[in-house]
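This report refers to the structure that appears directly beneath it.
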Amino acid sequence: MNNKKIIAMIPARIGSQRLKFKNLALIGRYPLIYYVINAAKKSNIFDKIVLNSDHKVFQKISNRYKIDFYLRPKLLGKSNIKSDNIVYDFINKHKNYDTLVWINPIAPLLTQNNIRDTINFFVINKLHSLITSDKAKVHANIKSKPINYNKKTKLVKTQSLEAIELFNYSIMMWDTKKFLKSYEKNKYAFFCGKFSTYELPRYCSIIIKNKNDLLLASKFIKMKSYDEMKITYDNILNEKN
């Protein structure tokens with residue numbers, strides 16, 4: 001792809017307010033965090049894959065699945081810590097990498113192809129920062145005010161609407177030098193340099209935050225591969241009038 005060194009970071013905090021120990025909750029035979037580790041390894045695109053956590057229990061997970069482990073300072077494990085701080089700390093400890101890819105451990109439906117396609121887009125477009133998203137053509141408001149339709153006209157068909165782009169945070173990535181320079185100047189850097197979003201399939205936006213999300217993802221994982229699924233129709237279409 002290119003000669004730049006790419007490191008994957010899978011962040012896993014031990015604390016969780018809505019679903020206790022969610023990264024270790026089982027989906028089928030495996031803990032939730034296993035699925036993105038497996039996808040990252042299968043992508044064959046990273047020079048290193050690191051599980052970044054505030055608790056040593058996750059070192060056992062990294063050992064089990066044969067990836068690296070980084071124990072972040074305990075301060076960076078608190079719920080009020082901003083993600084910019086976590087990225088800055090990690091990059092400072094891994095300065096010999098050109099690109100950092102944050103893979104969300106609670107996005108279990110990500111595939112190795114999703115990961116490769118996102119990184120390809122980042123490289124081809126010479127970006128410095130990226131967040132994955134999904135788009136929805138629906139009528140939308142902010143504080144009861146329309147943002148993509150007009151109340152004083154006939155209802156516009158959804159397919160004619162301007163799409164609302166929703167960040168799903170399944171994958172985020174940065175040029176490490178650009179991030180460091182921006183953070184050290186401004187104390188924030190998520191949208192540093194040339195930024196873009198990258199649209200992933202809708203199923204990739206299933207992020208596990210509570211029990212219902214976990215159950216939904218479990219149903220998907222038990223099904224056959226999404227890409228292999230075919231659309232079938234009711235036999236009534238074959239009947240003669």
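Look at (1) among the hydrophobic types (A, V, I, L, M, F, W, C); (2) at pLDDT below 95; (3) not in a helix (DSSP H, G or I) and you find that Leu76 fails only one, number (3). Going by the structure shown, is Glu162 over 23 Å from Leu109 (Cβ atoms) and modelled with pLDDT of 85 or more? It is true that Glu162 is over 23 Å from Leu109 (Cβ atoms) and modelled with pLDDT of 85 or more. Picking from residues in the range 193-225 that are buried (at least 16 other Cβ atoms within 10 Å of the Cβ) and polar (S, T, N, Q), the one that is modelled with the highest pLDDT is Thr197. Look at (1) in a strand (DSSP E or B); (2) buried (at least 16 other Cβ atoms within 10 Å of the Cβ) and you find that Phe167 fails only one, number (2). When Ile81 is tested against the conditions (1) touching a residue at least 40 places away in the same chain (Cβ under 8 Å); (2) assigned to a loop (DSSP other than H, G, I, E, B), the lone failure is (1).
Right, Tyr198: of a type in the set (Phe, Trp, Tyr), outside any helix (DSSP H, G or I) and out of contact with any helix residue (DSSP H, G or I) (no Cβ under 7 Å at 6 or more places or on another chain) or not? Criteria not met by Tyr198.
The listed residues are Asn92, Asn23, Asn85, Asn2, and the only one of them that is modelled with pLDDT of 90 or more, in contact with a helix residue (DSSP H, G or I) (Cβ under 8 Å, 6 or more places away or on another chain), farther than 23 Å from Ile207 by Cα and not aliphatic (A, V, I, L, M) turns out to be Asn92. Against the list (1) at pLDDT 95 or above; (2) crowded, with 18+ Cβ neighbours inside 10 Å; (3) of a type in the set (A, V, I, L, M, F, W, C); (4) farther than 24 Å from Phe195 by Cα, the condition Leu109 fails is (1).
Give the residues of the range 127-164 that are hydroxyl-bearing (Ser, Thr, Tyr), under 27 Å from the mean Cα position of the chain (by Cα) and either surrounded by fewer than 12 Cβ atoms within 10 Å (Cβ to Cβ) or over 30 Å from Ser83 (Cβ atoms) (or both), sorted by residue number.
Filtering the range 127-164 down to residues hydroxyl-bearing (Ser, Thr, Tyr) leaves 129, 132-133, 144, 149, 153, 158, 160.
If we keep only those that are under 27 Å from the mean Cα position of the chain (by Cα) as well, we get 129, 132-133, 158.
Scanning the range 127-164 gives a single hit, Thr158.
Of the listed requirements (1) outside any loop (DSSP other than H, G, I, E, B); (2) more than 23 Å from Asn120 (Cα to Cα); (3) in contact with a Leu (Cβ under 9 Å, 6 or more places away or on another chain), Lys185 misses just one: (3). Among residues of the range 92-104 that are free of Cβ contacts under 8 Å to residues at least 60 places away in the same chain, those with a beta-carbon under 7 Å from a residue that is aromatic (Phe, Trp, Tyr) and part of a strand (DSSP E or B) at least six positions away or on a different chain give the pairs Lys93/Tyr70.
Each row is one residue, and each column tells you yes or no for (1) surrounded by 15 or more Cβ atoms within 10 Å (Cβ to Cβ); (2) among the hydroxyl-bearing types (Ser, Thr, Tyr); (3) within 15 Å of the chain's Cα centre (by Cα); (4) part of a helix (DSSP H, G or I).
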residue: Ser62; (1), (2), (3), (4): yes, yes, no, yes
residue: Ile86; (1), (2), (3), (4): yes, no, no, yes
residue: Ile91; (1), (2), (3), (4): yes, no, no, yes
residue: Asn96; (1), (2), (3), (4): no, no, no, no
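The values are calculated or read from the model by the stated rules, or taken from the named source; none is laboratory data. Just so it is clear, the structure is predicted and the values come from calculations on it, not from any experiment. FYI the Cβ positions are ideal-geometry reconstructions off the backbone, even for glycines, and counts take in every protein chain you see.
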